[in-house]
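The values are calculated or read from the model by the stated rules, or taken from the named source; none is laboratory data. None of these values were measured; they are calculated from a predicted model. All Cβ positions, glycine included, derive from the backbone under ideal geometry; neighbour counts span all protein chains shown. Heavy atoms of the whole protein, side chains included, go into the accessibility calculation; ligands, DNA and RNA do not. Shrake-Rupley method; radii C 1.70, N 1.55, O 1.52, S 1.80 Å.
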Amino acid sequence: MKIRDGMALATVLIFVGTACGPGVAPGDGTAPVQGGTLKVIGSGDVDHLDPASSYTTVAYTLNRTWTRQLVTYPASNDFNKAITIVPDVAEALPEISADGRTYTFKIRDGVRWNTTPARQVTAADFVRGLKRLANPVQPSGGISYYTGTIEGMQEFFTAFQKAPKTAAGIAQFMARNQIKGVRAVDPKTLEIRLTTKASDFLNIMALPFASPAPVEYEKYVPDGPEFRQNTISLGPYQITTYQAGRAILLNRSPAWKQEADPVRRQHVERIQIMLGQESADVVQQQLEAGTADLSWDQPVPTSAIQRMNGDPEFHVFEGSSLNPFLVFNLQSPNNNRALANAKVRQAINFAINKVAIAQIYGGPRLNTVLDGAIPPGSIGFDVDVKPYTTPGHVGDPARCRAMLAEAGVSGLTFQFPYRTTGNHPKVAQAIAADLTKCGIATTLIATSPDDFYGRYLSSVAKSREGKWDIGGPSWLPDWYGNNGRSIVVPLFYGANYAEGSTNYGAYNNPAVNATIAKALTAGSASAAETSWKQANAMIMADAPIVPLISQNVPTFHSSRVQNALYSPMSQQFDYTQLWLG
Amino acid sequence: MSLTEASAEAEHIPEQAEAVRGKGPWQLAWERLTRDRAAMVSLGVIAVIVLLALLAPVFAAITGHGPQEAFPATGLTPEGLPVGPGSGFWLGADSLGRDLFVRILYGARISLLVGLLSTLLATLFGVVVGMVAGFYGGWVDGVLARVLDVVLSFPYLLVAIVLVAVLGASVPLMILVIAFFSFAAMARVVRGQTITYKEREFIEAARSMGASKPRTMFVDVVPNLIAPVTVLATLLIPTSIVFEATLSFLGLGVDPRTPSWGAILSDSVDYYRVAPGLLIFPAVMLLLTTLAFNLLGDGIRDALDPRGEGGR
């Protein structure tokens, strides 16, 4: 997921934090308390309410309470446990055929829609859910994960785009067309056939995109205003009020049964999400005063983190991101195409003081300095991939100068657009200062967050014109663990570079592409890991980026919140686990 | 002080100090100015600030800290907090580990440069436009006066923000933007003064002797404008300095690496609790500079206006 400003997860603009143990599970053995209203406050609405298209961490937080998937991740303050797939609506993990391409899921008994009367969720609901991802009105942002793995999904998607953009037209198309590889064998059995083996397929099925859809959804345009007023829940909570940009209220769903849900609980009576609070400081004050329990989308403010050391309500959870990283425009005609020369890019990799970048975001407790293209917590991370590491990670400008001289390059001037929001100006200045020490001049170009991607990094024409040479984008994978498809492919797979690409620099190494393809089609996660590690080493040898830091996630909750368990995918506590003391 | 306030004060200036035997009006004015303690202290403060700005490279050499050089290892704590005043960093460091003292000195250069140059431009342009409008009258005056009204009624901060955002931030652009929004106040004052002189006997005399209109304007009118223009210009300088700081504070000023008081203040927003110096020192410098120019401007006005002496 490209990190955009204003997106809840992205702007964790933090700078302090001193030595303190990692986030500790607050579950202190006391008996759960039932009832009460969980009060959540924050600024902005979900991007989409429809799980087929919702693609932000706040939407994921909400999805957790009212939708379910075949498989999912348990909430846990142990990062490794929290990224391990467990069954959810599926009775057990699926049976996988000998060729590794057919997955057979059995639907769990007692998982019910909150319709009147309550109705068992069926395999057909999951087929409908997958079909809706390809709808022409609001196609899923994560569609490529499904078109890239499920047999016939790409064809289905292409054909669906020509269907009428009305509820009736969409329903009719879905009734008449099938995804070749997806079949409801019987109401309790779902069979999915893949184009090739994919060891991360269950991770893809654990994304909220792969939620089932009841037949009632065919009455509405996906994510339309009518849809938003008529959501149907299969989770422990149901949305009773949705007021765009103002409030989301949920209460317990009577159709949900604890014995049919191995991962969620139903402790609080109601969840009240009040929006429109733009100030992170005010949110924090309310959490500390106890007038609210959790922040919806506001980060713990910088000023607050300083006072939080050892506070039991304050936790820092491990993240896994390239946030930010420095990317080179390999297509830039500037400086006699110096950046097309791997030696120049390697030299610059030595120049950057990564500790200084981590300091901008609060120092070592809140950040992990990166050497490789893949951050810890993501598959393919390898502590030994560190070809350009410098002692203490503080950079070695002398070495950079020497390597540039060796490459016969001098007098470089880079066009360096940066976002004017958050800490981005500081990052840009820190990098520019490091490059100065290496004898490289920079022209800093202030841009809005949208222009930064749309008119510089992701624009094919502007990249080729040399409107930018280096940039500091951010990347957060859509899931953790076996996630090469969500981090290496979007950033480094060069075979399909096009407008809007997130492979900003147009890096394209056929050998790397082949290794990525091998990793994607590996039969097991361990086999995939070997290939991802290879890809990591090969990519860093070419140095298309300078990896900088991976940010951890500071979180805070009111003192009455108990059993606060973390969900890495939504970067928030799981509302369905906690109770109010 | 807003632009309109500055112009209102300047309009109180009379045509010219009356002559006294043996001493010229300028000499008298200077004597009055030297007796004004506030104005003299202000002049001293301005001199010190100018001196510090000129000596900025010397202090950079003494501390070993260039204005754009970052020292994250010594200027920041491991958590990224700026260190406070100490032997290495006289006034502490900023959020990237740069030397606050050195940056404030270089910031004075930017402030003075922008303040003086934009005032100079605004004055030149304002005098020409105001004098032409006032002297020619008729449709020329109608058009120019309406243009001035339009400029004065612009929400200047918003327009400046848009201009800088579209055209990109740079020192010359900032000077032009500030000058554009300052010249109208100057032009209006000059226009008013010119209109009153136009009917005076010495202008009639010049005209009857066959002097051309431009000659009359520049030879006969301009000398009479020097007093009010000087006062207004002195008062425009601090306004321009604050304008520059405002734009820089909003991140719309110069290149973010260039030290500027407004930019340093903006940086302090996240850190003032832990590094109050980041807020206090540039704020005090900004305050001292603008106050000094304002008091000096007041002093000059009083010196040029003997009849207003009782007011002080």
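Brief remarks on what is shown
- Some residue of region A:32-42 being at pLDDT below 90, farther than 25 Å from residue A:504 by Cβ and not aliphatic (A, V, I, L, M): no
- Candidates B:242, B:254, B:222 - the one that is assigned to a loop (DSSP other than H, G, I, E, B), of a type in the set (A, V, I, L, M), out of contact with any strand residue (DSSP E or B) (no Cβ under 8 Å at 6 or more places or on another chain) and under 30 Å from residue B:129 (Cα atoms): B:254
- Going through (1) buried (at least 21 other Cβ atoms within 10 Å of the Cβ); (2) of a type outside the set (A, V, I, L, M, F, W, C); (3) without any contact (Cβ under 8 Å) to a residue 24 or more places away in the chain one by one, residue A:217 falls short only on (3).
- Residue A:265 vs. criteria at pLDDT below 95, open to solvent by 60 Å² or more (accessible area, probe 1.4 Å) and either part of a helix (DSSP H, G or I) or more than 14 Å from chain B (Cβ to nearest Cβ) (or both): no
- Number of positions in region A:516-525 that are open to solvent by 40 Å² or more (accessible area, probe 1.4 Å) and in contact (Cβ under 8 Å) with a residue 12 or more places away in the chain: 5
- Conditions (1) closer than 18 Å to residue B:249 by Cβ; (2) more than 15 Å from the chain's Cα centre (by Cα): number failed by residue B:113: (2)
- Long-range neighbours under 9 Å by Cβ, at least six apart or interchain, first residue within 8 Å of residue A:442 (Cα to Cα) and of a type in the set (Phe, Trp, Tyr) within region A:410-425, second assigned to a strand (DSSP E or B) and open to solvent by 10 Å² or more (accessible area, probe 1.4 Å): A:414/A:441; A:414/A:442; A:414/A:443; A:416/A:442; A:416/A:443; A:416/A:444; A:416/A:445
- Residues of region A:334-355 satisfying the condition of being within 14 Å of chain B (Cβ to nearest Cβ) and either open to solvent by 40 Å² or more (accessible area, probe 1.4 Å) or of a type in the set (Phe, Trp, Tyr) (or both): A:355
- Filtered residues of region A:318-330 (kept if farther than 22 Å from residue A:351 by Cβ and either open to solvent by 10 Å² or more (accessible area, probe 1.4 Å) or among the hydroxyl-bearing types (Ser, Thr, Tyr) (or both)): A:318, A:320, A:321
- Within region A:167-189, being more than 30 Å from the chain's Cα centre (by Cα) and of a type in the set (Val, Ile, Thr) holds for one residue alone: A:185.
- Qualifying position, being out of contact with any Gly (no Cβ under 7 Å at 6 or more places or on another chain), within 12 Å of chain B (Cβ to nearest Cβ), open to solvent by less than 10 Å² (accessible area, probe 1.4 Å) and closer than 30 Å to residue A:247 by Cβ, among A:358, A:292, A:304: A:304
- Hits in region A:397-437 - residues which are surrounded by 23 or more Cβ atoms within 10 Å (Cβ to Cβ), of a type in the set (D, E, K, R) and more than 9 Å from chain B (Cβ to nearest Cβ): A:419
- Looking across A:155, A:151, one residue alone is out of contact with any Ser or Thr (no Cβ under 7 Å at 6 or more places or on another chain) and under 13 Å from residue A:180 (Cα atoms). It is A:155.
- Only one of the numbered conditions (1) open to solvent by less than 10 Å² (accessible area, probe 1.4 Å); (2) at pLDDT 95 or above; (3) of a type outside the set (A, V, I, L, M, F, W, C) is not met by residue A:513, and that is (1).
- Residues considered: B:284, B:229, B:242. Of these, the only one that is open to solvent by 50 Å² or more (accessible area, probe 1.4 Å) and more than 20 Å from residue B:99 (Cβ to Cβ) is B:242.
- Residue A:361 being modelled with pLDDT under 95 and of a type in the set (Ser, Thr, Tyr): yes
- Candidate set from region A:361-373 (those that are closer than 30 Å to residue A:310 by Cβ and assigned to a loop (DSSP other than H, G, I, E, B)); member that is farthest from the other protein chains (Cβ to nearest Cβ): A:370
- Total residues in region A:59-100 satisfying the condition of being open to solvent by less than 20 Å² (accessible area, probe 1.4 Å) and either on the phi > 0 side of the Ramachandran plot or out of contact with any strand residue (DSSP E or B) (no Cβ under 9 Å at 6 or more places or on another chain) (or both): the figure is 5.
- Residue count for region B:170-199, restricted to those that are open to solvent by 50 Å² or more (accessible area, probe 1.4 Å) and either under 17 Å from the mean Cα position of the chain (by Cα) or more than 24 Å from residue B:124 (Cβ to Cβ) (or both): 4.
- Residue list for region A:374-394, filter: open to solvent by 30 Å² or more (accessible area, probe 1.4 Å) and within 14 Å of another protein chain (Cβ to nearest Cβ): A:391, A:392, A:393, A:394
- Cβ-Cβ under 9 Å pairs, at least 6 apart or on other chains, region A:239-251 side among the charged types (D, E, K, R), far side outside any loop (DSSP other than H, G, I, E, B): A:246/A:274
Let's see how each residue does on (1) in contact with a helix residue (DSSP H, G or I) (Cβ under 7 Å, 6 or more places away or on another chain); (2) part of a loop (DSSP other than H, G, I, E, B); (3) β-branched (Val, Ile, Thr):
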{"site": "A:238", "(1), (2), (3)": "yes, no, no"}
{"site": "A:249", "(1), (2), (3)": "no, no, no"}
{"site": "A:254", "(1), (2), (3)": "no, yes, no"}
{"site": "A:284", "(1), (2), (3)": "yes, no, no"}
{"site": "A:305", "(1), (2), (3)": "no, no, yes"}
{"site": "A:311", "(1), (2), (3)": "no, yes, no"}
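- Only one of the listed residues (B:130, B:97, B:134) is at pLDDT below 95 and touching a strand residue (DSSP E or B) at 6+ places or on another chain (Cβ under 6 Å). That residue is B:97.
- So residue A:280, is it on the phi < 0 side of the Ramachandran plot, out of contact with any strand residue (DSSP E or B) (no Cβ under 7 Å at 6 or more places or on another chain), surrounded by 22 or more Cβ atoms within 10 Å (Cβ to Cβ) and within 14 Å of chain B (Cβ to nearest Cβ): no
- Test: residue in region A:526-543 that is farther than 17 Å from residue A:293 by Cα, free of Cβ contacts under 8 Å to residues at least 12 places away in the same chain and surrounded by fewer than 20 Cβ atoms within 10 Å (Cβ to Cβ): yes
- Those helices (runs of 4 or more DSSP H) of region B:63-167 in which at least 3 residues are open to solvent by less than 50 Å² (accessible area, probe 1.4 Å), in contact (Cβ under 8 Å) with a residue 12 or more places away in the chain and more than 14 Å from every other protein chain (Cβ to nearest Cβ), considering only elements entirely within it, cover B:100-136, B:138-153.
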